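The values are calculated or read from the model by the stated rules, or taken from the named source; none is laboratory data. Remember, predicted model here, so these are calculated numbers, not experimental data. For neighbour counting, all protein chains shown are included, and Cβ atoms are generated from backbone atoms with ideal geometry for every residue, glycine included. When the accessible area is computed, the model is the full protein with side chains, heavy atoms only, and any ligands, DNA or RNA have been set aside. Shrake-Rupley method; radii C 1.70, N 1.55, O 1.52, S 1.80 Å.
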Amino acid sequence: MQIDKGASIAVVVKRTWANLHGVRMFLRPQDSPQTEIRGVDESHILFATVLDADDARGIWIEVTADKTKNDSAVERFTLLVPWSQVWSIVVSEQFSPAIRQEARKIGFTGEIERG
């Protein structure tokens, strides 16, 4: 399946990868780098924007480092998620508040708001 650049996605990744210090410090820079990402299972959700889904190494995404909405000063990061760490990708024009609330329960990173 082709995933278009700029698509709004939820990437379900292995939580052990998200908890690598070098990854976590970009996913949750507002938290202490020592704070482990927890959840109800071994998954972690990244809400993001697709930059490139055709790289053989993985999917390039843009994640927002802060959950503040409509803040032009919010830090955005380009991140390569290796295919070996991806369990699932969900594409949607917009994720419902109910989906986002459920994601909060299991621990998630990155808010995107499409205007």
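Figures for the structure shown
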quantity	calculated
Among (1) in contact (Cβ under 8 Å) with a residue 40 or more places away in the chain; (2) part of a strand (DSSP E or B), the one test that TRP60 misses	(1)
Of residues in region 76-103 being assigned to a loop (DSSP other than H, G, I, E, B) and at pLDDT 80 or above, the one surrounded by the most Cβ atoms within 10 Å (Cβ to Cβ)	SER92
Subset of region 49-75 that is open to solvent by 30 Å² or more (accessible area, probe 1.4 Å) and at pLDDT below 75 - its residue that is nearest to GLY22 (Cα to Cα)	ASP66
Residue selected from region 1-44 under the condition small (Gly, Ala, Ser) and modelled with pLDDT of 85 or more, by the criterion surrounded by the most Cβ atoms within 10 Å (Cβ to Cβ)	ALA18
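Here's the yes/no breakdown for (1) under 13 Å from the mean Cα position of the chain (by Cα); (2) part of a helix (DSSP H, G or I):
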| residue | (1), (2) |
| --- | --- |
| MET1 | no, no |
| GLY6 | no, no |
| ILE9 | yes, no |
| THR16 | no, yes |
| ARG24 | yes, yes |
| THR35 | no, no |
| VAL40 | no, no |
| ILE45 | yes, no |
| ALA48 | yes, no |
